[in-house]
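Everything on this sheet refers to the single structure shown next.
The values are calculated or read from the model by the stated rules, or taken from the named source; none is laboratory data. Just so you know, these numbers come straight off a predicted model, no measurement behind them. A quick note on method: Cβ atoms are made from the backbone with ideal geometry, for glycine too, and the neighbour counts reach across all protein chains shown. Ligands, DNA and RNA are excluded from the accessible area calculation, which covers all protein heavy atoms including side chains. Shrake-Rupley method; radii C 1.70, N 1.55, O 1.52, S 1.80 Å.
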Amino acid sequence: MFDALSVPYGCVMMYNVVKLKKGVSEEDIELAVGEMCNTVKNTYGDDEGGFLGGQVFKFAGFVSDEGSIASKEQTSEHVAIVTYWESFEQHEESHADDVFREKFEALGGFATETYEIGYKMMWQGGPD
C-alpha cells in the first residue's frame, strides 16, 4: 500500500485537485480517499484497466520562492491525487464506471471544487 512506485516512460499522469470545504480536515477525508484509491487499484490495476499507480498529497501550506514565477499567492486547502495510467482512454473508461463514480462522489462531498488534468511524460530520471 505504501510501496515506492516505478513509473514507466510514456505513461499518462493525471493530476486531480480536490479543493476542500472550510473546516474539512485530513481525518475527515481519510476514509473516502482510502476507499476511492483502493477501488481504483483493485478494479483497474491490470492491463485492461490501465492503472499503474498513484499518490495522494495534502497541501502543506508552503510555496517555493525559488521555484515560483510571478506568483506568491497561497492556495486554498486541497488534496492532490496523482495517478499514472497506460493511456488517457483507460483512465476515462475507469472514471465513467459506476463503481468509481460512487467513491469519487463520496470524496466530492467534502469539496468545493475538483478538477483533473492530464499530462504526457516528457522526461524522467534520477541522480547519477
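Residue-wise, which Karplus ³J(HN,Hα) couplings in Hz belong to the stretch 17-33, taking 6.51 cos²θ - 1.76 cosθ + 1.60, θ = phi - 60°, and x for glycine or proline?
Once rounded to whole Hz, the list reads 9, 10, 7, 7, 5, 4, x, 7, 9, 4, 5, 4, 9, 3, 5, 4, 5.
Label 7 Å along Cα→Cβ of Ser87; the stretch 28-57 residues with amide nitrogen under 14 Å?
Counting only backbone N, you get 47-51.
Ignoring ligands, DNA and RNA, what accessible area per residue does the chain give at 1.4 Å, in Å²? Could you put the intermediate results ahead of the total?
On the way: 8930 Å² over 128 residues.
Counting only protein heavy atoms, the per-residue value for the chain is 70 Å².
Rounded to the nearest angstrom and ordered from largest down, what semi-axes does the equivalent ellipsoid of the stretch 1-73 get from its C-alpha gyration tensor (root of 5λ)?
Working: eigenvalues 145, 79, 21 Å².
Ellipsoid semi-axes (Å, largest first): 27, 20, 10.
With +1 on each Lys and Arg Cβ and -1 on each Asp and Glu Cβ, and nothing else charged, work out how big the dipole of the stretch 1-119 is about its Cα centre, in Debye to the nearest 20. Can you show the working numbers first?
Details: 8 positive and 23 negative charges, 98 e Å.
Here the stretch 1-119 has a charge dipole of around 460 debye.
Taking a quarter of the surface of the Cα convex hull of the chain, what do you get in nm²?
Numbers: hull surface 37.5 nm².
Spelled out: convex hull of the Cα atoms, projected over all directions, averaged, 9.4 nm².
Give the calculated FRET efficiency between Glu48 and Glu116 to the nearest 0.05, with a Förster radius of 30 Å applied to their Cβ-Cβ distance. Each step should come with its number before you reach the end.
Details: r = 21 Å, r/R0 = 0.71.
That gives a FRET efficiency of 0.90.
Loop-only trypsin sites (Lys or Arg not before Pro) in the stretch 34-102, please: DSSP not H, G, I, E or B, and at most 11 other Cβ atoms within 10 Å.
Numbers: sites: Lys41, Lys58, Lys72, Arg101; in loops: Lys72.
Answer in residue order: Lys72.
In terms of solvent-accessible area of protein heavy atoms at a 1.4 angstrom probe, what is the ranking of Lys103, Lys120, highest value first? Walk me through the numbers on the way to the answer.
Details: Lys103 50, Lys120 175 Å².
Per-residue accessible area, sorted high to low, gives Lys120, Lys103.
Please report, as a whole percent, how much of the solvent-accessible surface of the chain comes from carbon and sulfur atoms (probe radius 1.4 Å).
Details: 4650 of 8930 Å².
Carbon and sulfur atoms account for 52 percent of the accessible area of the chain.
Determine the shape class of the stretch 7-46: with a ≥ b ≥ c the square roots of the Cα gyration tensor eigenvalues, call it rounded for a/c under 1.5, and otherwise prolate if a/b is greater than b/c, oblate otherwise. The partial results should precede the final answer.
Numbers: a/c = 3.80, a/b = 1.71, b/c = 2.22.
The shape class here is oblate.
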